[in-house]
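Input: a single structure, listed below in structure tokens.
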Amino acid sequence: MCIQAIESNIVEFLNIEELKASVDMDLRSILPEYVEILMRNIVSKPITVDAEHFVILDGHEVYEALQLLTARKLPVVKVDIRNVSVRSLQHGLKPITINDILSAGLKGPKLPFNSFKVIVKGRVPSINISLNELGVWGGREEDKARVYNVYGSTLELLYKGWPTPLVKLNSLSSSGRNVWAKLEGYNPFSNSVKDRIGWSMIMDSLSKGRLKQILYEATSTNTGIALTSIANTLGVKTKLFIPQTVQKASDIYLKVLGAEVVRMPVGLTVESIETVDEESRKSDATHLNQFENDANLKVHLKYTAKEIDEQLKIIGVKPTCIIGGLGTSGHMSAISIYFKNKYNNIKIIGVQPAPNEVIPGIRRIETGMKWYYWVDFDEVIDIKRSEAIESAIEIARKEGLLIGLSAGAVVGAFKKLSYNEGTYILIFPDTGYKYVEQFSEYLNQYDHSS
Ligand code: PLP
């Protein structure tokens with residue numbers, strides 16, 4: 001379909017799968033374009049591709065931003081490569097030619113971003129196309145049947161099962177205040193938010209040709225289960241390095257899934273990263289490193305944050321405040337980028353364990369977090385382990401939902417907030433089933449009501 005013709009160049013729509021990226025862009029270079037498009041809900045520049053193979057010549061950041069926004073169609077201008085000239089920006093290196101760009105798009109490896117500029121004869125038109133026209137909003141009809149793996153693998157349970165539910169919590173709501181929980185425990189493999197990053201990091205590594213036969217990762221359980229489950233569908237092995245502070249049951253889940261488990265003499269998962277890095281190099285294993293890998297933040301921008309936005313749109317409410325725990329800081333940083341740029345006056349609250357307290361899955365900011373420092377948080381609230389457990393027990397007894405300890409910490413943080421009116425979204429990363437040991441210890445010590 002042609003929508004606009006100015007001089008020689010015409011804008012058409014292509015399915016996103018038809019385009020071939022020729023440059024490797026890091027997330028920080030994509031974010032300004034992503035934010036611009038998200039804020040305006042409009043794309044104002046088409047992507048220039050070669051007319052024969054649809055390799056991207058210009059508009060790489062628009063392509064990457066629209067990938068993150070889950071566009072199904074993209075506005076493109078197809079050009080004959082005889083009508084383009086290439087200015088190589090790789091000073092001191094062999095100049096990049098049009099054939100290098102085509103080869104990068106068709107076979108890889110991709111070229112560095114900003115290593116060349118393509119100049120097209122005739123003017124590339126400016127456009128004004130809404131994200132609705134590109135299929136960004138609204139789900140797909142065929143996903144409603146909840147029948148999976150007709151042609152693929154059990155992995156479809158994950159990405160075709162989204163969105164995870166958003167449920168109102170009556171026990172925390174009142175007139176003028178609505179509190180909703182995003183139940184990440186509905187993810188199929190680790191029953192946690194970590195399925196999302198396990199899938200995203202493995203697929204990213206696979207697409208870059210970097211996925212070896214074994215994965216090494218430092219994890220506190222959930223990422224380990226997610227990675228092992230997903231790796232199993234691809235015939236890849238895992239070796240996981242778990243802090244000694246984590247519940248013993250984790251070893252059993254992981255061993256049943258076929259992972260090799262190493263208990264580390266550390267308190268926090270991040271303290272094992274250097275060892276995992278060294279060991280993975282010695283053994284020719286892939287270390288995806290959830291703490292540094294931008295595929296973590298990306299999957300939450302692309303799906304988690306957008307899901308919440310679309311779910312709220314369906315019930316016709318605008319969020320006032322979103323509260324969630326900080327581990328790698330992946331999910332809450334993405335939620336901050338998305339909602340702070342799309343809406344005014346929305347509060348983003350992080351939750352961390354109080355000093356010297358252990359709450360599985362979350363940790364204190366000063367232990368080092370990559371994306372937390374890229375974005376804007378209004379407040380970070382300290383929660384004690386006992387407060388997290390008590391809040392989880394309260395939700396179980398009032399709402400019938402057996403939530404995990406970090407979800408309990410989020411409820412605890414919500415209760416400490418001073419502002420009251422509005423729509424609150426609490427992110428519950430997982431369920432309570434993995435924390436039998438912690439619940440049991442608490443009940444034996446303090447709770448004699450049951
Ligand atoms: N809660 C649980 C149970 C987790 O496993 C994690 C991450 O490990 C988090 C919260 C924090 O999520 P993120 O790593 O996205 O900050």
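The values are calculated or read from the model by the stated rules, or taken from the named source; none is laboratory data. As the structure is a computational prediction, the values presented were derived from the model and not from experiment. Please note: Cβ atoms are built from the backbone with ideal geometry, for glycine as well, and neighbour counts cover all protein chains shown.
Kindly indicate whether ILE365 is of a type outside the set (Phe, Trp, Tyr), within 13 Å of the ligand (Cβ to nearest atom), surrounded by fewer than 21 Cβ atoms within 10 Å (Cβ to Cβ) and more than 17 Å from the chain's Cα centre (by Cα). Considered against the rule, which asks whether it is of a type outside the set (Phe, Trp, Tyr), within 13 Å of the ligand (Cβ to nearest atom), surrounded by fewer than 21 Cβ atoms within 10 Å (Cβ to Cβ) and more than 17 Å from the chain's Cα centre (by Cα), ILE365 comes out as yes. Restricting to the stretch 375-413, what's the tally of residues that are part of a helix (DSSP H, G or I) and either charged (D, E, K, R) or over 23 Å from VAL246 (Cβ atoms) (or both)? Qualifying residue count, the stretch 375-413: 7.
Being in contact with a Gly (Cβ under 7 Å, 6 or more places away or on another chain) and assigned to a loop (DSSP other than H, G, I, E, B) is the filter; apply it to the stretch 13-52 and report the residue that is farthest from ILE127 (Cα to Cα).
Our first condition is that a residue be in contact with a Gly (Cβ under 7 Å, 6 or more places away or on another chain); within the stretch 13-52, this holds for 20-22, 45-48.
With assigned to a loop (DSSP other than H, G, I, E, B) added as a condition, the list becomes 21-22, 45-46.
Details: ALA21: 21, SER22: 23, LYS45: 6, PRO46: 7 Å.
Step by step, filter the stretch 13-52, then rank; the result is SER22.
Please count how many residues of the stretch 267-279 are more than 24 Å from the chain's Cα centre (by Cα) and either modelled with pLDDT of 95 or more or not in a loop (DSSP other than H, G, I, E, B) (or both). Walk me through how you get there before you give the answer.
Going through the stretch 267-279, the residues more than 24 Å from the chain's Cα centre (by Cα) turn out to be 267, 275, 278-279.
Restricting the remaining residues to those that are either modelled with pLDDT of 95 or more or not in a loop (DSSP other than H, G, I, E, B) (or both) gives 275, 278-279.
Residues in the stretch 267-279 being more than 24 Å from the chain's Cα centre (by Cα) and either modelled with pLDDT of 95 or more or not in a loop (DSSP other than H, G, I, E, B) (or both): 3 in total.
Tally time: how many residues in the stretch 88-123 are in contact with a Ser or Thr (Cβ under 6 Å, 6 or more places away or on another chain), part of a loop (DSSP other than H, G, I, E, B) and either more than 30 Å from THR304 (Cα to Cα) or of a type in the set (Asp, Glu) (or both)? Result for the stretch 88-123: 5.
Please work out if VAL299 is over 14 Å from the mean Cα position of the chain (by Cα), within 16 Å of the ligand (Cβ to nearest atom) and either closer than 19 Å to TRP199 by Cβ or not assigned by TED's automatic domain parsing to the domain that holds TYR338 (or both). Here the answer is no, as VAL299 does not meet what is asked. Going by what's in this entry, would ALA392 be described as within 26 Å of the chain's Cα centre (by Cα) and over 14 Å from LEU169 (Cα atoms)? Taking the combined requirement at face value, the residue does not satisfy it.
Which residues, taken from the stretch 206-231, are more than 16 Å from the ligand (Cβ to nearest atom) and either assigned to a loop (DSSP other than H, G, I, E, B) or crowded, with 19+ Cβ neighbours inside 10 Å (or both)? Answer for the stretch 206-231, where residues must be more than 16 Å from the ligand (Cβ to nearest atom) and either assigned to a loop (DSSP other than H, G, I, E, B) or crowded, with 19+ Cβ neighbours inside 10 Å (or both): LYS208, GLY209, ARG210, LEU211, LYS212, GLN213, LEU215, TYR216, ALA231. Contact map, the stretch 356-377: first residue free of Cβ contacts under 8 Å to residues at least 40 places away in the same chain and more than 19 Å from ASN222 (Cβ to Cβ), second residue within 12 Å of the ligand (Cβ to nearest atom) and in a helix (DSSP H, G or I), Cβ cut-off under 7 Å, separation 6 or more or different chains; pairs are ILE365/TYR372. When the residues of the stretch 328-374 are filtered to those that are in a loop (DSSP other than H, G, I, E, B) and in contact with a Phe, Trp or Tyr (Cβ under 9 Å, 6 or more places away or on another chain), the one that is farthest from GLY404 (Cα to Cα) is ILE346. Sub-6 Å Cβ pairs linking a first residue in the stretch 191-215 that is closer than 15 Å to GLY235 by Cα to a second residue that is of a type in the set (Lys, Arg) and not in a loop (DSSP other than H, G, I, E, B), at least 6 apart or interchain, are ILE214/LYS237, ordered by first then second residue. Scanning the stretch 307-326 for residues that are out of contact with any Phe, Trp or Tyr (no Cβ under 7 Å at 6 or more places or on another chain) and within 16 Å of the ligand (Cβ to nearest atom) returns ILE308, GLY324, GLY325. Based on what the data block shows, is GLU421 farther than 26 Å from TYR186 by Cβ, at pLDDT below 95 and in the same structural domain as VAL167 (by TED's automatic domain parsing)? So GLU421 passes the test.
Could you check the stretch 270-286 and list, in sequence order, the residues that are within 11 Å of PHE241 (Cβ to Cβ) and exposed (fewer than 12 other Cβ atoms within 10 Å of the Cβ)? Passing the criteria: only GLU274. Screening the candidates PRO95, PRO109 for the property of being in contact with a strand residue (DSSP E or B) (Cβ under 7 Å, 6 or more places away or on another chain) and modelled with pLDDT under 95 yields one hit, PRO95.
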